[in-house]
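Chemist: Take a look at this one; I'll ask things after.
The values are calculated or read from the model by the stated rules, or taken from the named source; none is laboratory data. Owing to the predicted nature of the structure, the values given are computational and were not obtained by experimental measurement. Here the Cβ positions follow ideal geometry from the backbone for every residue, glycine too, while neighbour counts run over all protein chains shown.
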Amino acid sequence: MTAWVKGDATDAEGAIAAAAALLAAAHAPVFAGLNADVAAIRAAYRLAGTIGASLDTQGAAGTYADLGALARVGAMTTTPAEARGRADVALVVGAKPEASALVAALRGGKPVRGRAAGADRQVLSVGGASAETLPSDLALLRAYAKGHLKDESPLNGIARALYAAQYGVVLYDPAELGELGVEMLQGLVRDVNEVTRCFALSLGDSDQDRAVVQVSAWTTGQAPRTGFGRKVPEHDPWRFDAVRQVSAGEADAALWLSSLPAARPDWLGALPSIAIVGEGSPEAVPGTAEIVIAVGVPGASAGGVLWNEGRAALTYRPGAGGGPSAADVLARIEHHIAGKDS
Amino acid sequence: MLIRIQGGRVVDPTAGRDGVGDVWVEDGRVVAPSERTPDRTVDATGCVVMAGGVEVHSHIAGGNVITSRLLLPDLYVSETAPNGHPFAHAGGAAAWIGAAYAKMGYTTAVEPAMPPTHALATQLELADIPLLDRGALAVMGNDDQLLQLLRDGESKDAIRDLVALNVAQSRALGVKCINAGGASAFKDGVLKLSLDDEIPVYGLSTRKIMGSLLDAVEEIGVPHPLHVHCNNLGLPGADDSFVETLEAAEGRRIHFAHAQFYAYGAADPANPGTGGFRSAARRIVDAMHANPHATLDIGQVVFGQTVTVSMDILRQFGGRKGANPKKWVLNAGDAEGGGVVPFLYKPRGPTSSLQWAIGLEIMLLSNEPERTILTTDHPNGGPFTAYPRIIHLLMDKEERDREIATLPKVVHERSSLPEIEREYSFSEIAELTRSGPAKLLGLADRGHLRDGARADIAVYREDKNRTAMFASAKLVLKDGVAIVEDGEIVNWHVGRSLSLVVESDKAMERRTDAYLQDRFGQGLDSFTVPDAAFPEAEVFEDVACRA
């Protein structure tokens, strides 16, 4: 295993003992990233539960835009395969989704299943020109769709196309749209469903936030961000924002878990920290954190369950030949702190 | 370790046993009385000893359960964990579910709705439920691949092979269909579907789809009969759907999920949409008595706030405007998807009171508790933690009358519950919650206390207050290990996920792989549930098919 403590190369046992000591001495440790396979995310929750740490994720901006809107107004959603298979109208909201493979596939194909099979597919867009006017464009579109505005604007054409669709899909990036934007978009989709079928599809980043949300929900009964400081899982997206906690001086240690590639957060050097990173990644170097442990990369040098974006599901990805798994390292840190082994 | 549970009232209807005696346990099994000195003797004087409870229909894992937690973060309360398991006090979490069942003396629980496209996520979540053996039913009946085969008139063998492949690939314990064809029809604009209505695009009907699944399940030899969620759940006149579906089974084995939600006769048959409903419990029970191949579970309603989770997206869409609080999620997924609609069964409300009465009525009118299994369709009718209270109401006419006295008069006018004198015996409760569900799942090693049974055993202190008695077991053994003592978890024993051993046909595998590649851009390997995916070893336990 490749590991460093304060810049010096060490063995697995040394790094794990140092990490356990660092966390055991902390009063308010934060875990961030969680860009890893399900077993590692699960182990991170167990370790956090044991020591009273809080947890935050890599893709938090998008995740909370979706989760916040979901908890307030609900959602009507579909999947990538259903969008490709059934949609005769696709509406791309904002600029970010244009880069996605799914939108490219939608532009290049036609519906093949359901009542729209064989029809031409219209791919429309709204709000891509300017991030500034995106929310208002979406609000105007909903006003046209509701019939509150009636003049002949291009937005009215889009509204009519959604109503005329047999299976409409509205694609968006939650980080670009923001929580209120997602809420507005879900309201639009709901309105259209008074007449025909229409569903939203969130296109997030490629990190493992969707896996974290599931593990967190079944493990704690709640979405992430989660804190265990009071020996009870508490869900609080504001309080347990790792960046906020570090900048406010509330956190006194950090563990960054990213066995899949992600950029190192710049605040990691601001406090005593542990980085569990994928072997061979640019972050697997002594300077990344006080303690650095390189682990197998799930789906490459280690097997692991990952969020499968193409299928919007969890999938096992085999892999072999690498270092220890992140889950194993986290479990050993936990055992060390609990005094279960040495 | 040899354990003697001594001097309790041992209740095992499968052995005609209801009297004071001993139960002996060794190596995780119930054994014949021994001459040897036991390593542990449990004084069960003044207690009732039963097999561990078996749950056949409770939504305890999967994407819709996850969504319900995200939609209603405040549905459950988390408490500070004193010690032991870090998450067992986190309301609604997997560990909480395991602990809450175990404290009531339940030792097996089945999630009835696992979508084969998301089998791995569901199985990972189930595996994190401690203390219980778990299992899941693979949901079929709306997926394009199956519907295409049926539309194209493919052979029964092809349907059987596809069902077998789905069971094998998802590591399910059985097969369920949910408003067969309804989700597909909903995506194509249909908002109401009955047994013989046409499913657009495919030219099929619920009758045809369900019939093909009934046959496939028999041919494969799945021990659990096809688990059926009918059309028109919860609507006045749903009793017609129930009875027609029962007749459509044509003598084949069939299990009806949450029958209470179908025991709604239209109060005004000329205007079923506006006249409300009256109890059709008698009709449902008579139909069951006439059809010994059928079983049902109840879906008892419990007063209070809950959330309904269902893959019947047609029905959930139809019910969306009754959401309380006013927010809901509908996912038009890769086959069924799911609908999550919060719901308040208003305490003493006329509609919820009648629903509450109808569930009890079905159980109290039934001559055969073994075919009338207790569920709340957790969380759809209410939480499974209400079982002790429901048992109390079944066993105690006075208690029932006290509750009925607080309810609106519609309970008297539209149900027969107030007139029913019957009180369940302990043996009948054991049939309703132990032997019945175990037989239904085809799990011969549990639900009874005969020699050789798995040593899943619950010991309850006899108490006139049946709610208190069944809420907090004095002792629960799982696989012969004491997991609950005096109502508290004492050992975080880990159970297994029960999974049917089914051979899948190689030609169907190749065919399905090509189909999935075309539809998802990913083949069969992205849908599997391999052992290597699980953080802990030895998650699954094999269950054999019927000979």
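Chemist: So B:Ile254 clears everything in (1) modelled with pLDDT under 95; (2) buried (at least 22 other Cβ atoms within 10 Å of the Cβ); (3) among the hydrophobic types (A, V, I, L, M, F, W, C) except one condition, right? Which one?
Modeler: If we test B:Ile254 against (1) modelled with pLDDT under 95; (2) buried (at least 22 other Cβ atoms within 10 Å of the Cβ); (3) among the hydrophobic types (A, V, I, L, M, F, W, C), just (1) comes out false.
Chemist: Taking the stated definitions as given, is B:Glu536 touching a residue at least 40 places away in the same chain (Cβ under 8 Å), in a loop (DSSP other than H, G, I, E, B), under 24 Å from A:Thr315 (Cβ atoms) and within 14 Å of chain A (Cβ to nearest Cβ)?
Modeler: Here the answer is yes, as B:Glu536 does meet what is asked.
Chemist: Further, regarding this structure: Can you tell me which residue within the range B:185-206, out of those that are β-branched (Val, Ile, Thr) and within 13 Å of another protein chain (Cβ to nearest Cβ), is farthest from B:Pro236 (Cα to Cα)?
Modeler: Applying the filter and picking the extreme gives B:Val201.
Chemist: Modelled with pLDDT of 95 or more and surrounded by 24 or more Cβ atoms within 10 Å (Cβ to Cβ): does that describe B:Ala332?
Modeler: The answer is yes for B:Ala332.
Chemist: In the range A:193-240, what residues are of a type in the set (Gly, Ala, Ser), at the interface with chain B (Cβ under 7 Å from one of its Cβ atoms) and not in a loop (DSSP other than H, G, I, E, B)?
Modeler: Listed by number, the list holds a single entry, A:Ala217.
Chemist: Further question: Report those strands (runs of 3 or more DSSP E) wholly inside the range B:264-324 carrying at least 3 residues which are of a type outside the set (D, E, K, R).
Modeler: B:264-266, B:294-297, B:304-310
Chemist: Taking A:Ala159, is it free of Cβ contacts under 8 Å to residues at least 24 places away in the same chain, surrounded by 15 or more Cβ atoms within 10 Å (Cβ to Cβ) and away from chain B (no Cβ under 14 Å)?
Modeler: yes
Chemist: Would you check which residues across the range A:44-77 are farther than 22 Å from A:Ser206 by Cβ and among the hydrophobic types (A, V, I, L, M, F, W, C) and list them?
Modeler: The answer is A:Leu47, A:Ala48, A:Ile51, A:Ala53, A:Ala71, A:Val73, A:Met76.
Chemist: Whether any residue in the range A:116-127 is touching a Lys or Arg at 6+ places or on another chain (Cβ under 9 Å), assigned to a strand (DSSP E or B) and more than 22 Å from A:Leu67 (Cα to Cα) is what I want to check.
Modeler: Yes, that holds for at least one residue.
Chemist: For the range B:68-101, what are the residues that are polar (S, T, N, Q) and either at the interface with chain A (Cβ under 7 Å from one of its Cβ atoms) or touching a Pro at 6+ places or on another chain (Cβ under 6 Å) (or both)?
Modeler: B:Ser78, B:Thr80, listed by residue number.
Chemist: Right, another one. In the set B:Glu423, B:Glu419, which member is free of Cβ contacts under 8 Å to residues at least 40 places away in the same chain, of a type in the set (D, E, K, R) and under 30 Å from B:Val20 (Cβ atoms)?
Modeler: Result of the check over B:Glu423, B:Glu419: B:Glu423.
Chemist: Right, here's the next one. For the range A:71-92, name all the residues that are more than 7 Å from chain B (Cβ to nearest Cβ) and among the β-branched types (Val, Ile, Thr).
Modeler: Of everything in the range A:71-92, those that are more than 7 Å from chain B (Cβ to nearest Cβ) and among the β-branched types (Val, Ile, Thr) turn out to be A:Val89, A:Val92.
Chemist: Follow-up. Does B:Glu35 count as away from chain A (no Cβ under 14 Å) and part of a loop (DSSP other than H, G, I, E, B)?
Modeler: Yes, satisfied.
Chemist: Scan the range B:489-515 for residues that are outside any loop (DSSP other than H, G, I, E, B) and either of a type in the set (Ser, Thr, Tyr) or without any contact (Cβ under 8 Å) to a residue 60 or more places away in the chain (or both) and jot them down.
Modeler: Listed by number, the residues that qualify are B:Ser497, B:Ser499, B:Lys506, B:Arg510, B:Arg511, B:Thr512, B:Asp513, B:Ala514, B:Tyr515.
Chemist: Could you give every pair whose Cβ atoms fall below 9 Å, whose first residue belongs to the range B:385-412 and is assigned to a helix (DSSP H, G or I), and whose second residue is at pLDDT below 95 and buried (at least 17 other Cβ atoms within 10 Å of the Cβ), counting only separations of at least 6 or pairs across chains?
Modeler: B:Val410/B:Gly276
Chemist: Is it the case that B:Ser504 is over 25 Å from B:Ile373 (Cα atoms), of a type in the set (Gly, Ala, Ser), surrounded by 17 or more Cβ atoms within 10 Å (Cβ to Cβ) and within 14 Å of chain A (Cβ to nearest Cβ)?
Modeler: Spelling it out, it is not the case that B:Ser504 is over 25 Å from B:Ile373 (Cα atoms), of a type in the set (Gly, Ala, Ser), surrounded by 17 or more Cβ atoms within 10 Å (Cβ to Cβ) and within 14 Å of chain A (Cβ to nearest Cβ).
Chemist: Say whether the condition of being of a type in the set (Lys, Arg), assigned to a helix (DSSP H, G or I) and touching a helix residue (DSSP H, G or I) at 6+ places or on another chain (Cβ under 7 Å) is met by at least one residue in the range B:459-471.
Modeler: Within the range B:459-471, one or more residues are of a type in the set (Lys, Arg), assigned to a helix (DSSP H, G or I) and touching a helix residue (DSSP H, G or I) at 6+ places or on another chain (Cβ under 7 Å).
Chemist: Among the listed residues B:Asp531, B:Asp525, B:Asp518, B:Asp542, identify the single one that is away from chain A (no Cβ under 14 Å) and either surrounded by fewer than 16 Cβ atoms within 10 Å (Cβ to Cβ) or over 30 Å from B:Asp396 (Cα atoms) (or both).
Modeler: B:Asp542
Chemist: So the check is Cβ under 9 Å with 6+ separation or different chains; which pairs have a first residue in the range A:1-20 that's farther than 18 Å from A:Ala327 by Cα and without any contact (Cβ under 8 Å) to a residue 60 or more places away in the chain and a second one that's in a helix (DSSP H, G or I) and hydrophobic (A, V, I, L, M, F, W, C)?
Modeler: Short answer, once both residue conditions are applied: A:Thr10/A:Ala18.
Chemist: For the range A:269-279, check the following and say yes or no: at least one residue is assigned to a strand (DSSP E or B) and touching a Pro at 6+ places or on another chain (Cβ under 6 Å).
Modeler: No, because not a single residue in the range A:269-279 is assigned to a strand (DSSP E or B) and touching a Pro at 6+ places or on another chain (Cβ under 6 Å).
Chemist: Please verify whether B:Glu111 is under 30 Å from B:Glu503 (Cβ atoms), more than 10 Å from chain A (Cβ to nearest Cβ), in a loop (DSSP other than H, G, I, E, B) and among the charged types (D, E, K, R), treating the condition exactly as stated.
Modeler: No.
Chemist: Inside the range A:101-133, can you point out the residues that are modelled with pLDDT under 95 and surrounded by 16 or more Cβ atoms within 10 Å (Cβ to Cβ)?
Modeler: Listed by number, the residues that qualify are A:Gly127, A:Gly128.
Chemist: Next question. Suppose we filter A:Arg317, A:Arg332 for residues that are of a type in the set (D, E, K, R), touching a residue at least 12 places away in the same chain (Cβ under 8 Å) and over 27 Å from A:Ala9 (Cβ atoms); which single one remains?
Modeler: Testing whether each residue is of a type in the set (D, E, K, R), touching a residue at least 12 places away in the same chain (Cβ under 8 Å) and over 27 Å from A:Ala9 (Cβ atoms) leaves just A:Arg317.
Chemist: Does the range A:100-109 contain any residue that is within 14 Å of chain B (Cβ to nearest Cβ), more than 18 Å from A:Ala65 (Cβ to Cβ), part of a loop (DSSP other than H, G, I, E, B) and in contact with a Ser or Thr (Cβ under 8 Å, 6 or more places away or on another chain)?
Modeler: No, the range A:100-109 has no match at all.
Chemist: So A:Arg332 fits all but one of (1) within 14 Å of another protein chain (Cβ to nearest Cβ); (2) charged (D, E, K, R); (3) surrounded by fewer than 19 Cβ atoms within 10 Å (Cβ to Cβ); what number is the exception?
Modeler: Tallying (1) within 14 Å of another protein chain (Cβ to nearest Cβ); (2) charged (D, E, K, R); (3) surrounded by fewer than 19 Cβ atoms within 10 Å (Cβ to Cβ), A:Arg332 fails exactly one: (3).
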